[in-house]
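See structure below.
The values are calculated or read from the model by the stated rules, or taken from the named source; none is laboratory data. Remember, predicted model here, so these are calculated numbers, not experimental data. Note that we place each Cβ from the backbone using ideal geometry, even for glycine, and neighbour counts take in every protein chain shown. Ligands, DNA and RNA are stripped out before the accessible areas are found, and what is left, the full protein with its side chains, is counted by its heavy atoms. Shrake-Rupley method; radii C 1.70, N 1.55, O 1.52, S 1.80 Å.
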Protein chains: 2
Amino acid sequence: MTSTPPRSGLQLRSIVKRSGELELSLVDVPVPAPAADEVVIRVEASPINPSDIGLLFGAADMSTAKASGSADRPVVTATVPEKLMRAMAGRLDESMAVGNEGAGVVVAAGPSPAAQALLGRTVAAIGGAMYSQYRCVKVEQCLPLPAGTTAAEGASCFVNPLTALGMVETMRMEGHTALVHTAAASNLGQMLQKICLEDGVPLVNIVRKPEQEELLRGIGATHVCNMSLPTFMDDLTAALIDTGATLAFDAIGGGKQVGQILACMEAAANASAAEYSRYGSTVHKQVYIYGGLDRSPTELVRNFGMAWGIGGWLLTPFLGKIGLEGIVRLRSRVVAELTTTFASHYTDEVSLAGALDLDALKTYARQATGQKFLIRPTL
Amino acid sequence: MTSTPPRSGLQLRSIVKRSGELELSLVDVPVPAPAADEVVIRVEASPINPSDIGLLFGAADMSTAKASGSADRPVVTATVPEKLMRAMAGRLDESMAVGNEGAGVVVAAGPSPAAQALLGRTVAAIGGAMYSQYRCVKVEQCLPLPAGTTAAEGASCFVNPLTALGMVETMRMEGHTALVHTAAASNLGQMLQKICLEDGVPLVNIVRKPEQEELLRGIGATHVCNMSLPTFMDDLTAALIDTGATLAFDAIGGGKQVGQILACMEAAANASAAEYSRYGSTVHKQVYIYGGLDRSPTELVRNFGMAWGIGGWLLTPFLGKIGLEGIVRLRSRVVAELTTTFASHYTDEVSLAGALDLDALKTYARQATGQKFLIRPTL
């Protein structure tokens with residue numbers, strides 16, 4: 001059964017003011033009448049992904065966060081360190097909606113047959129501003145979920161699944177044959193491990209804690225290296241020799257691990273080299289930083305020769321590279337394996353107002369592996 | 001007139017011992033009889049390039065250098081810090097000859113017509129072990145110099161000229177239209193500025209000192225940014241907006257400037273962006289580290305979005321990419337402009353023994369811009 005949407009609904013907004021203050025709040029926004037190829041979704045579930053945190057908090061220091069406003073219209077403010085304001089230039093004084101993806105029920109549809117076909121269906125959608133009670137999107141941004149799938153099950157259909165699949169695709173496109181992944185016990189990391197097992201791709205998982213090691217071994221991981229152990233560099237080198245991995249995806253960004261991975265790849269390459277090369281191994285070693293769990297500087301001790309690269313990796317340009325055919329192929333796999341390979345686990349569920357509760361906010365701001373929030377905008 | 005080479009000649013050697021000690025010395029090595037397609041060069045001039053320093057000193061801390069041996073057979077020892085020994089694994093206890101390039105007179109030649117044609121000619125050569133009194137190389141490693149060119153004038157025919165040309169070629173191959181260069185007042189930097197002026201390529205030079213700024217402006221540079229000034233970031237951003245440069249070649253490696261260049265490129269890209277992009281500008285920004293004047297860690301404050309890359313850049317794989325036709329084209333340009341665009345300036349000339357003098361050695365180990373040593377093995 002479908003209901004007519006109300007005239008307006010709440011939406012979470014983030015603004016960085018020229019004064020150096022971040023302000024998060026809920027605003028009442030009108031629900032537009034859908035155009036021919038559009039539908040209005042009553043958003044029932046939307047995850048807080050690491051990729052949402054950047055837009056949500058900007059460069060603000062969340063340890064300075066303060067609450068004001070009322071219980072159902074909370075306001076959070078925090079300070080952006082002055083040296084980081086340069087990076088905020090493009091969004092100053094602009095109130096921005098947040099939330100990459102989510103799922104819910106289509107409650108209104110434009111007149112086109114494609115839109116009408118979605119009326120009443122539970123769909124996943126991507127396209128921003130999903131931390132909203134109602135969201136009007138184009139039909140092509142929707143992925144209809146199989147009958148019986150809940151919005152919570154479909155809330156994370158895009159970002160993590162396509163990123164994990166994108167890593168394996170990138171590996172193939174760039175001529176590598178095995179992968180390294182950091183913060184590997186994350187929801188995304190578990191998906192990647194399952195994909196690699198299915199596809200026969202050797203994967204080296206890097207984690208920080210013994211329980212994360214166990215979790216990954218429990219779903220079939222062969223190589224798990226704990227970076228907190230004193231033997232980490234040797235463990236990683238041995239795993240790299242074993243797998244031949246020369247491509248890593250790093251979720252952390254800050255700290256030393258990017259350089260450590262390259263150094264161990266270099267040691268692994270040299271372990272099989274016939275003679276000394278003055279500029280290091282000629283094997284190209286690549287690390288893509290796709291997340292920023294640690295916003296501190298990346299520190300590279302450059303003891304890995306000259307055949308190396310580091311770069312940013314982002315889902316959208318990757319999808320642009322593989323084109324529509326590739327996207328359809330990956331999306332089909334996500335839908336087919338939604339409750340197995342691509343199942344997400346949430347530790348906390350919050351309303352829109354609950355997402356602005358200081359305790360909740362400081363918890364998800366930490367982006368601890370294993371902790372994942374689901375926003376329920378209609379709660 | 002050509003002379004028959006003696007049976008042996010001195011050669012500079014570098015060895016990193018398993019004990020953690022670097023030892024530099026001169027050894028007497030036999031001069032081989034040239035094969036059909038080989039010639040023996042009496043090496044008269046060979047530069048100490050930054051690219052030679054890595055093999056020469058390994059990872060040793062040259063502040064610990066000590067002299068022993070005799071005046072004509074000096075020996076220098078220094079300590080390799082233990083944490084850097086891992087990177088030395090491939091060369092342990094192996095005595096290595098040093099010196100990428102040089103020039104001299106062909107004093108013996110194999111029977112092939114190509115080799116015989118070089119007899120008595122002054123040639124430049126590349127191929128390592130040029131810090132030797134006599135060096136036997138293949139004909140194809142030689143570049144015959146125009147009549148009247150001295151060995152000193154031809155000593156630096158390969159590394160710096162081809163690297164500078166390689167930067168401009170790489171820029172074109174990777175779709176950029178302007179360049180940034182650090183430590184830009186170097187011999188190589190001056191060559192690059194001259195090439196860019198000839199080819200109409202906008203170039204942003206980064207230096208540390210006012211006199212380097214003047215030197216570059218004196219040879220026609222438009223954009224010179226001094227990283228010691230408090231206005232550096234703004235100056236660089238303005239130059240990047242003006243030139244549209246999205247590719248930089250960095251000779252330094254360590255420190256913050258690689259990240260600063262990316263941050264200013266990002267600011268320049270955003271200055272012309274129509275709307276805020278949550279992941280930063282979609283313009284790909286690239287820095288290649290081709291040298292290691294500062295061996296301290298590279299520190300990246302990642303405030304430059306997600307569309308970026310950093311990597312090692314090395315002449316040999318680049319030459320492999322452009323193939324024989326490309327190499328011939330670049331070499332011809334070097335020979336044609338050897339005493340103009342590609343002229344090198346040396347501040348010090350030393351014998352092989354003089355290169356192991358502690359004062360000289362500590363001077364060239366500093367790799368100060370403007371200071372350049374030429375080894376004269378036959379002195």
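Odds and ends about this structure:
- Matching residues in region A:314-343 - criterion: being within 25 Å of A:Gly254 (Cβ to Cβ) and either among the aliphatic types (A, V, I, L, M) or open to solvent by 20 Å² or more (accessible area, probe 1.4 Å) (or both): A:Leu314, A:Leu315, A:Thr316, A:Pro317
- Which listed residue, of B:Arg331, B:Arg302, B:Arg295, is facing chain A (nearest Cβ under 7 Å) and either in a helix (DSSP H, G or I) or among the basic types (Lys, Arg) (or both): B:Arg302
- Checking each residue in region A:216-227 for being in contact with a Lys or Arg (Cβ under 9 Å, 6 or more places away or on another chain) and open to solvent by 20 Å² or more (accessible area, probe 1.4 Å) picks out A:Ile219, A:Gly220, A:Met227.
- Enumeration of residues in region A:305-323 that are more than 9 Å from every other protein chain (Cβ to nearest Cβ) and within 20 Å of B:Ser281 (Cα to Cα): A:Leu315, A:Phe318, A:Leu319, A:Gly320, A:Lys321
- Count - residues of region A:228-279 that are more than 20 Å from B:Arg91 (Cα to Cα), buried (at least 20 other Cβ atoms within 10 Å of the Cβ), among the hydrophobic types (A, V, I, L, M, F, W, C) and at the interface with chain B (Cβ under 10 Å from one of its Cβ atoms): 1
- Filtered residues of region B:49-75 (kept if of a type in the set (A, V, I, L, M) and away from chain A (no Cβ under 14 Å)): B:Met62, B:Ala65, B:Ala67, B:Ala71, B:Val75
- Selection within region A:171-187 - modelled with pLDDT of 95 or more and in a helix (DSSP H, G or I): A:Met171, A:Arg172, A:Met173
- Residue check for A:Gly309: in a helix (DSSP H, G or I), surrounded by fewer than 22 Cβ atoms within 10 Å (Cβ to Cβ) and more than 17 Å from the chain's Cα centre (by Cα): no
- The residue of region B:151-170 that is nearest to the chain's Cα centre (by Cα), among those that are part of a helix (DSSP H, G or I) and among the aliphatic types (A, V, I, L, M), is B:Val159.
- Residue within region B:85-99 that is more than 25 Å from the chain's Cα centre (by Cα) and among the aliphatic types (A, V, I, L, M) present: no
- In region A:124-144, the residues that are at pLDDT 95 or above and in contact with a Gly (Cβ under 7 Å, 6 or more places away or on another chain): A:Ala124, A:Ala125, A:Ala129, A:Met130, A:Tyr131, A:Ser132, A:Gln133, A:Tyr134, A:Val137
- Of A:Ser46, A:Ser19, all but one fail to be without any contact (Cβ under 8 Å) to a residue 60 or more places away in the chain and either more than 14 Å from chain B (Cβ to nearest Cβ) or more than 26 Å from B:Phe304 (Cα to Cα) (or both); the exception is A:Ser19.
- Among the residues listed as B:Gly54, B:Gly69, B:Gly9, the single one being touching a residue at least 24 places away in the same chain (Cβ under 8 Å), open to solvent by 50 Å² or more (accessible area, probe 1.4 Å) and not acidic (Asp, Glu): B:Gly69
- Residue within region A:218-237 that is within 16 Å of A:Ala164 (Cβ to Cβ) and either assigned to a strand (DSSP E or B) or in contact with a Pro (Cβ under 8 Å, 6 or more places away or on another chain) (or both) present: no
- If you go through region B:344-372 and pick out every residue that is open to solvent by less than 60 Å² (accessible area, probe 1.4 Å), part of a loop (DSSP other than H, G, I, E, B) and not β-branched (Val, Ile, Thr), you end up with 8.
- Scanning region A:76-119 for residues that are of a type in the set (S, T, N, Q) and within 14 Å of chain B (Cβ to nearest Cβ) yields a total of 2.
- As for region A:272-282, it holds no residue that is of a type in the set (A, V, I, L, M, F, W, C) and in a helix (DSSP H, G or I).
- Which numbered condition A:Ile289 misses (of (1) open to solvent by less than 10 Å² (accessible area, probe 1.4 Å); (2) farther than 28 Å from B:Pro50 by Cα; (3) more than 9 Å from chain B (Cβ to nearest Cβ)): (3)
- Candidate set from region B:171-198 (those that are without any contact (Cβ under 8 Å) to a residue 60 or more places away in the chain and surrounded by fewer than 19 Cβ atoms within 10 Å (Cβ to Cβ)); member that is farthest from B:Pro47 (Cα to Cα): B:Gly175
- Residue match in region B:199-210 (condition: surrounded by fewer than 19 Cβ atoms within 10 Å (Cβ to Cβ) and closer than 20 Å to B:Val334 by Cα): yes
- Of all residues in region B:79-114, those satisfying the criterion of being open to solvent by less than 70 Å² (accessible area, probe 1.4 Å), outside any helix (DSSP H, G or I), farther than 28 Å from A:Ala271 by Cβ and not acidic (Asp, Glu) are B:Gly99, B:Gly102, B:Ala103, B:Gly104, B:Val105, B:Val106, B:Val107, B:Ala108, B:Ala109, B:Gly110, B:Ser112.
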